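A short worksheet on the structure shown next.
Please treat every number below as a calculation from the coordinates, not as lab data. A quick note: this is a predicted structure, and the numbers were derived from the prediction, not measured. Here Cβ is always computed from backbone atoms with ideal geometry, including for glycine, and neighbour counts include all displayed protein chains.
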Amino acid sequence: MLIITCPFCGPRDEVEFACGGEAHIARPLADHKISDADFADYLFMRDNPKGLFLERWRHSAGCRRWFNVARDTVSNEIVEIYPMGSLPVKTAAKTTYKTSWRRDTAAEKAATPSRSKAGGSK
Amino acid sequence: MAQNHPDRGQRGLPGGAPRYSAFALAKKAMNYHQDWQRAWRDPEPKAEYDAVIIGGGGHGLATAYYLAAVHGLTNIAVIEKGWIGGGNTGRNTTIIRSNYLWDESAAIYEHSMKLWEGMSQDLNFNVMFSQRGVLTIAHSEHELREMSRRVHAIRLNGIDSEILGPAEIKKFVPTINIDQSIRYPVMGGFLQRRGGTARHDAVAWGYARAADDLGVDIIQKCEVTGLRRQGRKIIGVETSRGFIKTKKVGCVVAGHSSVVAAMAGIRLPIASRPLQALVSEPIKPILDTVIMSNAVHMYISQSDKGEMVLGAGVDKYNSYAQRGSFPVPEHMLAAAVELFPVLSRLRMLRHWGGIVDTCPDASPIISKTDIEGLYFDCGWGTGGFKATPGSGHVFADLIANDRPNKIAAPYSLDRFRTGLLIDEHGAAGVAH
């Protein structure tokens, strides 16, 4: 059983949490016309790495708030827990974020038009 | 499938020549059974094959067998990282049924069921296929109503299925508790009498032996480390035992599908999750059928050895560790004990997890890819075992002819672009 440290409530058993799957999937904006195949990247295609994985969790039987977790899918080691809307800071988790195929998809580019102006930082 | 062949008596397909006899068994007993011949060879990989199947589980071996037996493609290899049948093929709860709601699912699972019915003959290997029935229980009025709708749909597809009331269930399964006061009372259920179980290891061994007989190289302890491409074309696979040249690669690696797909730069909609099962100490026969419960996500049967075999739903987060999270079996066992109070003092002997490849619509992917010569058969999720022969049969056809047949066509990867999903979530008897 995993012990997950909720950023708001502290360490709790995994039964109190719900896993929301892959983190950092941004919805393409409606006014950006992308193809069905590109939209499928957003809607259905999932990163499914053997190793470090960035995912969302919710403390559903506690404070009911969402947060991000960087967890190894082989050892179950939790490398980092960080707030929604932000990116990981630990090197390994940062690399996982940057090297995901999702960063190059048209869907993601269509999700945050302002990102390109800001030079990719957030 | 198992139509009679003039030269082969009952057997419709080649491979799996007879080699054991009661006399040989007695004779070898004198020598402590030390000099039995190998059931299949242990060849070194050749430099080139017409096709390479990645993954030596039931589906991969079935694919190789049907490629050789039906399509005459014998210069092929099955490459397995560990040993054959050592992954999910040896980790499932061996349940076989074809009572699915949607036409597409009915087509493939019933195709599979028919192959199961002739498999021991086809392979000349006793896979201990036992049509002991699969009974899915409803625990609420609503569930029962939804179930009757499903039963009618299934029957319209020509698949046997019937509704039972609590009294009939009690008669069919005397050990079950039908008291209406329990947390999940038995309101009724639906039964597929042709459903049942098979010996999972025997399925892998039977296919391996028959495929090997036809010249298929089964290469174990050989891990695929890369897929070599020339433009949009496959030209071979990199393995831990060197490069193997080939124009066609069939990938049948279940939980590791995303890992192999990434080698070719392909994205899949798959999430790899642990699916847990456990067996109890062996006891005398108390359950001669398979019981499934959708609402509590529990399924139970008794093996020929007497062990109670129990399975649950998938874990809720991705994992490649072949073990699961404890709360899942805990929840399932609580439900099992309520339904079968007789189990309450049983000790559990073994508990394990297999990594299953779950798809967003709970249906498999049997598909070509954007890369010429690369095919995927994956996404079977929690329900792959029952589909073993059907999956191998249609996948072999896809690889041999480079186009999906009528049964495989709906399972293309394209459905995630077109939106033509085959949503079997909940529509299946669930628990797969």
query: Mind checking the mean number of beta-carbon atoms from other chains within 10 Å of the Cβ atoms in A:73-79?
result: 3
task: Treat the count of other C-beta atoms within 10 Å as a stand-in for reagent exposure and order B:268, A:87, B:164 from fewest to most.
output: A:87, B:164, B:268
query: Angle, helix B:327-339 long axis vs. longest principal axis of chain B, Cα atoms, 0 to 90°, nearest 10?
result: 50 degrees
field: Hydrodynamic radius by Kirkwood, which averages 1/r over all alpha carbon pairs of chain A, in angstrom
entry: 15.4 Å
- line: Most exposed to least, judged by fewest other Cβ atoms within 10 Å, A:17, B:385 sort to A:17, B:385
task: Fewest Cβ neighbours within 10 Å first, please rank B:252, B:309 accordingly.
output: B:309, B:252
message: Check which residues have an amide H placed less than 5 Å from residue B:164's amide H, if you skip close sequence neighbours.
response: B:189, B:190, B:191
- prompt: Taking θ as phi - 60°, what are the ³J(HN,Hα) couplings along region A:89-103 by the Karplus curve (6.51, -1.76, 1.60), each to the nearest whole Hz, with x for Gly and Pro?
  reply: 10, 5, 4, 4, 5, 5, 4, 4, 4, 5, 8, 5, 4, 5, 5
Taking region A:1-49 and dividing mean pair separation by its residue count, relative contact order in percent (alpha carbons under 8 Å, at least six apart): 24 percent
- line: Gyration tensor on Cα atoms of the protein assembly as shown, a ≥ b ≥ c root eigenvalues, a/c under 1.5 rounded, else prolate if a/b beats b/c, else oblate, says oblate
field: Within 10 Å of each Cβ in A:38-44, the average number of Cβ atoms from other chains
entry: 5
query: If contacts are Cα pairs under 8 angstrom and at least 6 residues apart, what is the relative contact order of chain A in percent?
result: 27 percent
message: Quick check: pseudo-label points 7 Å beyond the Cα along Cα→Cβ at residue B:47 and residue B:345, how many nm apart are they?
response: 6.9 nm
- prompt: Among the lysines, which have Cα under 18 Å from the Cα of residue B:46 when same-chain residues fewer than 8 positions away are ignored?
  reply: B:81, B:221, B:245, B:247, B:248
task: Assuming R0 = 35 Å, can you tell me the calculated FRET efficiency for the pair residue B:321 and residue B:243, based on Cβ-Cβ distance, to the nearest 0.05?
output: 0.70
task: Give the long-range amide H neighbours of residue B:229: residues separated by 5 or more places, or on another chain, with amide H under 5 Å away, using H modelled in the peptide plane at 1.01 Å from N.
output: B:235
message: Under a crude label model (7 Å from the Cα following the beta-carbon direction), how far is residue B:145 from residue B:232 in nanometres?
response: 5.0 nm
Efficiency of FRET from Cβ geometry, residue A:18 and residue A:74, R₀ 22 Å, rounded to 0.05: 0.50
- line: As straight-line cross-link partners of residue A:33, the qualifying lysines (C-alpha separation under 18 Å, not fewer than 8 residues apart within one chain) are A:109
statement: With a ≥ b ≥ c from the Cα gyration tensor eigenvalues, square-rooted, and the rule rounded for a/c under 1.5, otherwise prolate when a/b > b/c and oblate otherwise, region B:24-141 is oblate
message: Could you derive backbone 3J(HN,Hα) for region B:128-144 from the dihedral phi with the Karplus parameters 6.51, -1.76 and 1.60 (θ = phi - 60°), listing whole Hz in sequence and x where the residue is Gly or Pro?
response: 6, 5, 10, 7, 8, x, 10, 10, 9, 9, 9, 10, 8, 4, 4, 4, 5
Residues residue A:5 and residue B:37, FRET efficiency given R0 of 45 Å [Cβ-Cβ distance, rounded to 0.05]: 0.20
task: Taking H placed 1.01 Å from N in the peptide plane, check which residues at least 5 places from residue A:73 or on another chain put their amide H under 5 Å from its amide H.
output: A:51, A:52, A:53
statement: Distance in Å, no decimals, from the C-alpha centre of region B:219-254 to the one of region B:93-160 is 35 Å
message: So if each residue of separation counts as 0.36 nm, and I subtract the Cα-Cα distance between residue B:303 and residue B:405, what length gain in nm does that give?
response: 33.2 nm
query: Using a cut-off of 18 Å between alpha-carbon atoms, which lysines can reach residue B:114, once sequence neighbours fewer than 8 places away in the same chain are excluded?
result: B:386, B:406
statement: Under the rule rounded for a/c under 1.5, else prolate if a/b exceeds b/c, else oblate, using alpha carbon gyration tensor axes a ≥ b ≥ c, chain B is classed as prolate
statement: Between the residues A:60, A:44, A:88, the Cα farthest towards the positive end of the dipole of region A:3-111, that dipole coming from +1 and -1 charges on the beta-carbon of Lys, Arg, Asp and Glu, is from A:88
- request: Take every residue in peptide A:50-59, count the Cβ atoms of other chains within 10 Å of its Cβ, and give the average of those counts.
  value: 2
